[in-house]
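*Asks:* The structure is given below, and queries will be raised subsequently.
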Amino acid sequence: TVIPNGSGRLELTGSLGEVMKESCKIALSYIRSNAEKYNITQDFSKIDIHIHAPEGAVPKDGPSAGVTLTTALISVLTQRKVKGTVAMTGEVTLQGRVLAIGGLKEKSMAAYREGIKTVIMPYDNIKNLEDVDDKVKECVEFVPVKTVDEALAVNLCK
């Protein structure tokens, strides 16, 4: 959530481990340094951003959500919707590169079970597609990306 009339704070609440908190900070730093490119006009010193990961059975603590966090923040800051049939995974660097993750087989199976049609994944995980169940590969389009920009081209509505 973006809170107007703020003081530039990033508030992180819910079931977030240290690595996930780092991913949130990296996503925001990347966006702040590229705000003009994404037509983000907010003055970051005058808004607060609150990211909440609801409590659940599994604590969230891994870098794999970097591309998802970056997408969500850009979505809320530009008021562009994210496509509901797209899932994504990948660690993000401060330069906007998408890095490899673990567990592609399990993550893609979960996406398939939820009816997801497209999975954005790190380019460096292409080799792991051989481990993905054939039924999943028949029903889900896998889009390997090297950068946040490539992911945004697939997952943000125009």
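Okay, residues lined up against (1) out of contact with any Pro (no Cβ under 6 Å at 6 or more places or on another chain); (2) assigned to a helix (DSSP H, G or I); (3) closer than 26 Å to Lys146 by Cβ; (4) touching a residue at least 24 places away in the same chain (Cβ under 8 Å):
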residue: Ser7; (1), (2), (3), (4): yes, no, no, yes
residue: Leu12; (1), (2), (3), (4): yes, no, no, yes
residue: Tyr30; (1), (2), (3), (4): yes, yes, yes, yes
residue: Lys37; (1), (2), (3), (4): yes, no, yes, no
residue: Ile51; (1), (2), (3), (4): yes, no, yes, yes
residue: Ala65; (1), (2), (3), (4): yes, yes, yes, yes
residue: Lys107; (1), (2), (3), (4): yes, yes, yes, yes
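*Asks:* Six or more apart or on different chains, Cβ under 7 Å: which pairs go from a residue in region 82-97 that's among the polar types (S, T, N, Q) to one that's surrounded by fewer than 22 Cβ atoms within 10 Å (Cβ to Cβ)? Could you list them?
*Replies:* Taking only residues 6 or more apart or on different chains, the pairs are Thr85/Ile116; Thr85/Lys117; Thr85/Thr118; Thr89/Ile101; Thr89/Lys107; Thr93/Leu99.
*Asks:* Inspect region 1-18 for any residue being at pLDDT below 95, open to solvent by less than 60 Å² (accessible area, probe 1.4 Å), among the β-branched types (Val, Ile, Thr) and over 21 Å from Leu152 (Cα atoms) and give the result as yes or no.
*Replies:* So far as region 1-18 goes, yes, one or more of its residues are at pLDDT below 95, open to solvent by less than 60 Å² (accessible area, probe 1.4 Å), among the β-branched types (Val, Ile, Thr) and over 21 Å from Leu152 (Cα atoms).
*Asks:* I need the full set of residues from region 111-128 which are out of contact with any strand residue (DSSP E or B) (no Cβ under 6 Å at 6 or more places or on another chain), within 13 Å of Ala100 (Cβ to Cβ) and not polar (S, T, N, Q), in order please.
*Replies:* If the condition is that a residue be out of contact with any strand residue (DSSP E or B) (no Cβ under 6 Å at 6 or more places or on another chain), within 13 Å of Ala100 (Cβ to Cβ) and not polar (S, T, N, Q), then Asp124, Lys127 are the ones that fit.
*Asks:* Out of region 27-85, which residues are of a type in the set (Val, Ile, Thr), under 16 Å from Ile120 (Cβ atoms) and either open to solvent by 20 Å² or more (accessible area, probe 1.4 Å) or modelled with pLDDT under 95 (or both)?
*Replies:* Listed by number, the residues that qualify are Thr68, Val82, Thr85.
*Asks:* Would you check which residues across region 115-158 are in a helix (DSSP H, G or I), surrounded by fewer than 17 Cβ atoms within 10 Å (Cβ to Cβ) and of a type in the set (Gly, Ala, Ser) and list them?
*Replies:* Matches in region 115-158: Ala153 only.
*Asks:* If Thr89 satisfies every condition in (1) hydroxyl-bearing (Ser, Thr, Tyr); (2) touching a Lys or Arg at 6+ places or on another chain (Cβ under 8 Å); (3) more than 18 Å from Lys21 (Cα to Cα) but one, which is the exception?
*Replies:* Of the numbered conditions (1) hydroxyl-bearing (Ser, Thr, Tyr); (2) touching a Lys or Arg at 6+ places or on another chain (Cβ under 8 Å); (3) more than 18 Å from Lys21 (Cα to Cα), the odd one out for Thr89 is (3).
*Asks:* Please determine, by comparing only the residues of region 137-158 that are among the acidic types (Asp, Glu) and more than 14 Å from the chain's Cα centre (by Cα), which one is nearest to Gly90 (Cα to Cα). Don't jump to the end; show me each part of the working.
*Replies:* In the first step, residues of region 137-158 are kept if they are among the acidic types (Asp, Glu); the result is 138, 141, 149-150.
Those still in the list that are more than 14 Å from the chain's Cα centre (by Cα) too: 138, 141.
On the way: Glu138: 22, Glu141: 16 Å.
In this case the residue turns out to be Glu141.
The values are calculated or read from the model by the stated rules, or taken from the named source; none is laboratory data. The shown structure was predicted, so the numbers you read here are calculated from the model rather than taken from an experiment. Positions of Cβ are generated from backbone atoms using ideal geometry, with glycine treated the same way; all protein chains shown enter the neighbour counts. Protein only, heavy atoms only, side chains kept; ligands, DNA and RNA dropped before computing areas. Shrake-Rupley method; radii C 1.70, N 1.55, O 1.52, S 1.80 Å.
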